1. Check the stretch 227-236 and report whether any residue there is assigned to a strand (DSSP E or B) and in contact with a Leu (Cβ under 9 Å, 6 or more places away or on another chain).
2. On the given criteria, is K177 open to solvent by 70 Å² or more (accessible area, probe 1.4 Å), under 19 Å from the mean Cα position of the chain (by Cα) and modelled with pLDDT under 95?
3. Go through the stretch 32-59 and give me each residue that's farther than 19 Å from A110 by Cβ and assigned to a helix (DSSP H, G or I).
4. Among what's in the stretch 52-66 and is surrounded by fewer than 17 Cβ atoms within 10 Å (Cβ to Cβ) and in contact (Cβ under 8 Å) with a residue 24 or more places away in the chain, pick the residue that is nearest to H7 (Cα to Cα).
5. Which condition number does I76 fail, the rest of (1) within 19 Å of V120 (Cα to Cα); (2) at pLDDT 95 or above; (3) open to solvent by 10 Å² or more (accessible area, probe 1.4 Å) being met?
6. Considering each of V118, V107 in turn, give the residue that is part of a strand (DSSP E or B), modelled with pLDDT of 95 or more and more than 14 Å from P45 (Cα to Cα).
7. With the condition kept exactly as written, say whether any residue in the stretch 90-107 is closer than 23 Å to A245 by Cα, touching a residue at least 60 places away in the same chain (Cβ under 8 Å) and within 18 Å of the chain's Cα centre (by Cα).
8. Output the residue which, of all residues in the stretch 143-165 that are open to solvent by 30 Å² or more (accessible area, probe 1.4 Å) and not in a loop (DSSP other than H, G, I, E, B), is nearest to A201 (Cα to Cα).
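The values are calculated or read from the model by the stated rules, or taken from the named source; none is laboratory data. Treat the numbers as computed from the prediction; the structure is a model and nothing was measured. FYI the Cβ positions are ideal-geometry reconstructions off the backbone, even for glycines, and counts take in every protein chain you see. For the accessible areas, the whole protein counts, side chains as well, though only heavy atoms, and no ligand, DNA or RNA atoms are used. Shrake-Rupley method; radii C 1.70, N 1.55, O 1.52, S 1.80 Å.
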Amino acid sequence: MALSFNHKPGLVVYLTAGDPSVDATRAVALEAIDAGADVLELGVPFSDPLADGPVIQRASQRAVARGTRIGDVLKIAAEIRAARPKAGLVIFTYLNPILRYGLSRFVDDAAAAGADGVLVIDMIVEEADEYLAEMDRAGLAPIFLAAPTSPDERLKAIATHSKGFIYAISRVGITGKQQSMTSDAAALVARIRRWSELPVAVGFGISSAEHVARVAEFADAAVIGSAIVELIERSTPQAAPGAVARFIKGLRLPQGALTQ
């Protein structure tokens, strides 16, 4: 299934796999898709998630402590793909877990699990030749992060090598909720569009229907991570799927409801 956004704006939902459990992640993922998530990012828990804020750090640490590994994440992915064959599915990870697992083995297993693409948060496009070759061989979409501080040369390289969509981070720093959108995000998306016709999804700090509506003014999709992971943290495993579904349904404002 090719990555696509069927709504305006599209919704990309991030989950830390294995938090609070593998079974709970699968249940939340299916509810999120049914509630309107176009693309699901399954996060591989990592012991040193430096690019993530405290909410996702805690989730990752809990999942690692429970023994969740990359193989478990791929198993969840396969189950989601079997249950929801039309959903967009991305494996979200740091590079270290891939290297420990084995690059060729990882891309083969990710493709076999039904993943559409992979986002390696600390992968630098200028150093990604071997990774890109393996991704191409397996038919997976490489997704890269583009930052407001990225020079034009890097943005052009990201545009050249990305497939599926480009992930534009709304601000420099770590993941986490924020109160308002910055002008950096709109300017970055405009720069990306100079070199790419791929959809652009904006993330880092998106946490409300108002944020999603603002993103829709200049981008194709919004990425929601920390707000959902925090909601799962506050919920019981039994209540989390329903809570996440209600939150996702509430992210789309009625037509014309956004105040200036």
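1. no
2. yes
3. A32, D34, A35, P54, V55, I56, Q57, R58, A59
4. Here the residue is P54.
5. Just one mismatch for I76, condition (3).
6. It is V118.
7. Taking the stretch 90-107 first, the residues closer than 23 Å to A245 by Cα are 90-92.
From what is left, the residues that are touching a residue at least 60 places away in the same chain (Cβ under 8 Å) are 90, 92.
With within 18 Å of the chain's Cα centre (by Cα) added as a condition, the list becomes 90, 92.
Within the stretch 90-107 (the criterion being closer than 23 Å to A245 by Cα, touching a residue at least 60 places away in the same chain (Cβ under 8 Å) and within 18 Å of the chain's Cα centre (by Cα)), the answer is yes, since at least one residue qualifies.
8. Looking at residues that are open to solvent by 30 Å² or more (accessible area, probe 1.4 Å) and not in a loop (DSSP other than H, G, I, E, B), I get L145.
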